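What follows is calculated from the coordinates using simple rules that are stated; it is not laboratory data. All values derive from a computational prediction rather than experimental measurement. We place every Cβ from the backbone using ideal geometry, glycine too, and count neighbours over all the protein chains shown.
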Amino acid sequence: SQELEQSPQSLIVQEGKNLTINCTSSKTLYGLYWYKQKYGEGLIFLMMLQKGGEEKSHEKITAKLDEKKQQSSLHITASQPSHAGIYLCGEDRGTSYGKLTFGQGTILTVHP
Amino acid sequence: GAVVSQHPSRVICKSGTSVKIECRSLDFQATTMFWYRQFPKQSLMLMATSNEGSKATYEQGVEKDKFLINHASLTLSTLTVTSAHPEDSSFYICSARGGLVRNEQFFGPGTRLTVL
């Protein structure tokens, strides 16, 4: 069973709209990573969150980690077609070497 | 962010042949590299963890004799798919840790393997 759940699985929005993607773990996270992927390409690192209640922003993307460190949200403000892609959250449970387990991904489509 | 490269980006081979994929960290020393596999419309699945100078640690269900991993230096890890079969066709992505922020993990652009 998937231990890191992402929602929604897909999202279609009109350009300029705000959107939120959620990532929930069944266990307390040591670290939570957000990546963006274009189909058939590698992953682009967006943000990493480690502390409960932490929030980070980069341009129009904001990511938060809840106090219990089990849930994270990625928020995009005023979406643009360039934001389209697959968003993946990955959890680091503090195991050896920091390997990541990924959620199933959220496919974002932004219509101009 | 740090740069990780993979070579080749695409490879097509005949069934039964072996294919080597290289993963390089270009501007930092990667103490640990990871190899993932991704099927169409699915998420990444970790195959193995590779540490420089030691044997790779494979995830459950991944055949170590099928997927040979060598982490020869702090900037290079290789994945060799031995005796490839059509079911090995997939998108293989590596990642590397050990940059300025040790917890950050940077991914390569991926290698598309097609086995005929």
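Calculate, for B:LYS66 and A:GLN80, the FRET efficiency according to 1/(1 + (r/R0)^6) with r their C-beta to C-beta distance and R0 45 Å; round to the nearest 0.05. Don't jump to the answer; show the numbers that get you there.
Working: r = 43 Å, r/R0 = 0.95.
My answer for the efficiency is 0.60.
Under 8 Å for C-alpha pairs, at least 6 residues apart: give me the relative contact order for chain B, rounded to a whole percent. Walk me through the intermediate numbers first.
Values: 296 pairs, mean separation 43.0, N = 116.
Contact order relative to length: 37 percent.
Given springs between every Cα pair under 10 Å in a Gaussian network model of chain B, which of B:SER90, B:SER43, B:SER25 has the largest fluctuation?
B:SER43
For the stretch A:4-9, what does the Karplus curve 6.51 cos²θ - 1.76 cosθ + 1.60, with θ = phi - 60°, yield as ³J(HN,Hα) per residue in whole Hz, taken in order and with x for Gly and Pro?
10, 9, 10, 8, x, 6
If you average 1/r over every pair of different alpha-carbon atoms in the stretch B:57-116 and take one over that average, what Kirkwood value in Å do you get?
Working: mean 1/r = 0.0757 Å⁻¹.
It works out to 13.2 Å.
Which of the cysteines found in the protein assembly as shown have nothing to pair with, since no other Cys Cβ lies under 4.7 Å from theirs?
B:CYS13 - these cysteines have no disulfide-compatible partner (Cβ-Cβ under 4.7 Å) in the protein assembly as shown.
In the stretch A:1-106, what chymotrypsin sites (Phe, Trp or Tyr not before Pro) fall in a loop by DSSP, with at most 15 other Cβ atoms inside 10 Å? Write out the running numbers ahead of the final one.
Numbers: sites: A:TYR30, A:TYR33, A:TRP34, A:TYR35, A:TYR39, A:PHE45, A:TYR87, A:TYR97, A:PHE102; in loops: A:TYR30, A:TYR39.
Sparse-neighbourhood loop chymotrypsin sites (Phe, Trp or Tyr not before Pro): A:TYR30, A:TYR39.
Report the number of Lys pairs in chain B whose alpha-carbons are under 23 Å apart, with separation of 8 or more residues or on distinct chains.
Final tally of qualifying lysine pairs is 7.
What Kirkwood hydrodynamic radius, in Å, does the stretch A:17-62 give when the mean of 1/r is taken over all pairs of distinct Cα atoms and then inverted?
For the stretch A:17-62, inverting the mean 1/r across all distinct Cα pairs yields 12.4 Å.
For chain A, what are Rg and Dmax over the alpha carbons, in angstrom?
When restricted to the Cα atoms of chain A, Rg and Dmax are 13.4, 44 Å.
Starting from the Kirkwood radius over alpha-carbon pairs of chain B, derive D by Stokes-Einstein at 10 °C in a medium of 1.306 mPa s and give it in µm² s⁻¹. Numbers along the way, then the final one.
Values: Rh = 14.0 Å.
Calculated translational D: 113 µm²/s.
Above 22 angstrom, tally the Cα pairs of the protein assembly as shown and express them as a % of all pairs, no decimals.
On the way: 13315 of 25878 pairs.
Considering the protein assembly as shown, 51 percent of its Cα-Cα pairs are separated by more than 22 Å.
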